[in-house]
Every structure is written in structure tokens, then in C-alpha cells.
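Notes follow the structure.
The values are calculated or read from the model by the stated rules, or taken from the named source; none is laboratory data. Everything numeric in this text was worked out from a predicted model, so none of it was measured. A quick note on method: Cβ atoms are made from the backbone with ideal geometry, for glycine too, and the neighbour counts reach across all protein chains shown. The protein model used for the area step is the full one, side chains on, heavy atoms only, and it has no ligands, DNA or RNA in it. Shrake-Rupley method; radii C 1.70, N 1.55, O 1.52, S 1.80 Å.
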Amino acid sequence: ADRYVDLAKGEADVALRSGDTEGELVGRKIADSIWAAYASRDYVNCNGAPTSIEELKTRPLIALDESLARHRLSAWLREIAPDAQFAARSDSVLGLVSAAKAGVGVAVLPIALGDAEPDLLRVLGPIPELTRAWRILAHPDARHLPRIAAFFDFVTSEADDLKPVLTG
């Protein structure tokens, strides 16, 4: 079963995270997580594409559910479209992709995922307010262990090859 691994508690040696880092963890930036708005081809053919962030307020949006209310996407949508109608909600970004592909509305997604979907069109963005860094992280006590340092060095040396996967 999937479980959240907490580096701060010593449950894992290394993590890959996008966004703000938590307290004690240290690491290296390896790429950017860039987000944009997407809709299915069918949605755009029937409804047109939004032409501005302001127009998102009037569109059916696909958003993260309340369990992810603190996620930067959730906070940003509350800020730019506080009274928006939500066509679908999901507890995962992959759920947002699926709902967008189904044509129920507009979803804001990482471009690495959205651009990889032939049935989705990027309709707005990138959205600078949602950009965060992808980092490899470790607990400070583990960061300089030889195996962790070697892994960090390897990932850093391969960062250019990883950027298309992480950034899009």
C-alpha cells in the first residue's frame, strides 16, 4: 500500500519534491515545476478557450479536493476565482488530468503532464505564480552520507536529461 514517507522522521533517505520544503530537509534544485491551464479538444471546440486568467472565473474548473486545500493550486484558485463553479474535484493531480481529458472543464496542471496528453490543449500559461522548484531532499543528518552524496551528485549530473520529464 502507498504511504507517505516522512524524511524528517528518518523513514527514507531521499525525496523528490516540488514546492516549498519542510523545516529540516536540505537539498538541491534540479528543475522547475511549471503549471498552465488545459482543456480537452472537445471542450475547446464546444466552448472556446479561455483567453485570460480573469476568464477562468466564468469557466467550469477542475480542482483539487478539500483534502488538498493548502496546495498552492488550491490557494491560487481561491484567490483568482473565489466564486468559481467546480465541475470536478480530485485528490490527485492525475485525477485532474483525467477529468480534463473527459472534457468537463478547465484544469491547471504541471506542463510535464498536460503537454504530454495529446487530447489536451494548453489554453493559458505558463502561470508564474504556480512555479516551484523540483528538489531532491534529505535529512541533514543523512545528506553527507556517502551513498546519499553520491545519489545527489548523480541526479545533479543528469539534471539536464531529467528536466523534460520534470518540467515538460
Filtered residues of the range 18-62 (kept if of a type in the set (A, V, I, L, M), closer than 20 Å to Ser98 by Cα and out of contact with any Phe, Trp or Tyr (no Cβ under 9 Å at 6 or more places or on another chain)): Ile34, Ala36, Ala37, Ala39, Val44, Leu56
Every residue from the range 123-151 that is free of Cβ contacts under 8 Å to residues at least 60 places away in the same chain and either part of a helix (DSSP H, G or I) or under 14 Å from the mean Cα position of the chain (by Cα) (or both): Pro128, Glu129, Pro146, Ala149, Ala150
Candidates Arg72, Arg59 - the one that is in contact with a strand residue (DSSP E or B) (Cβ under 6 Å, 6 or more places away or on another chain), of a type in the set (Lys, Arg) and touching a residue at least 40 places away in the same chain (Cβ under 8 Å): Arg59
Selected residue [farther than 16 Å from Ser18 by Cα and open to solvent by 80 Å² or more (accessible area, probe 1.4 Å)] from Arg143, Arg122: Arg122
Single residue of Phe86, Phe154 found to be open to solvent by 70 Å² or more (accessible area, probe 1.4 Å), modelled with pLDDT of 90 or more and over 20 Å from the mean Cα position of the chain (by Cα): Phe154
Extreme residue, modelled with the highest pLDDT, among residues of the range 45-83 that are in contact with a Pro (Cβ under 9 Å, 6 or more places away or on another chain) and buried (at least 18 other Cβ atoms within 10 Å of the Cβ): Arg59
Matching residues in the range 157-168 - criterion: being among the acidic types (Asp, Glu) and surrounded by 11 or more Cβ atoms within 10 Å (Cβ to Cβ): Glu158
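Results for (1) on the phi > 0 side of the Ramachandran plot; (2) of a type in the set (Phe, Trp, Tyr); (3) at pLDDT 90 or above; (4) touching an Asp or Glu at 6+ places or on another chain (Cβ under 6 Å), shown as yes or no for each residue.
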| position | (1), (2), (3), (4) |
| --- | --- |
| Gly114 | no, no, yes, no |
| Glu117 | no, no, yes, no |
| Val123 | no, no, yes, no |
| His139 | no, no, no, no |
| Ala142 | no, no, no, yes |
| Asp160 | no, no, no, no |
| Thr167 | no, no, no, yes |
Answer from Ala84, Ala75, Ala49, Ala31 - the residue that is of a type in the set (A, V, I, L, M) and either touching a His at 6+ places or on another chain (Cβ under 8 Å) or part of a strand (DSSP E or B) (or both): Ala31
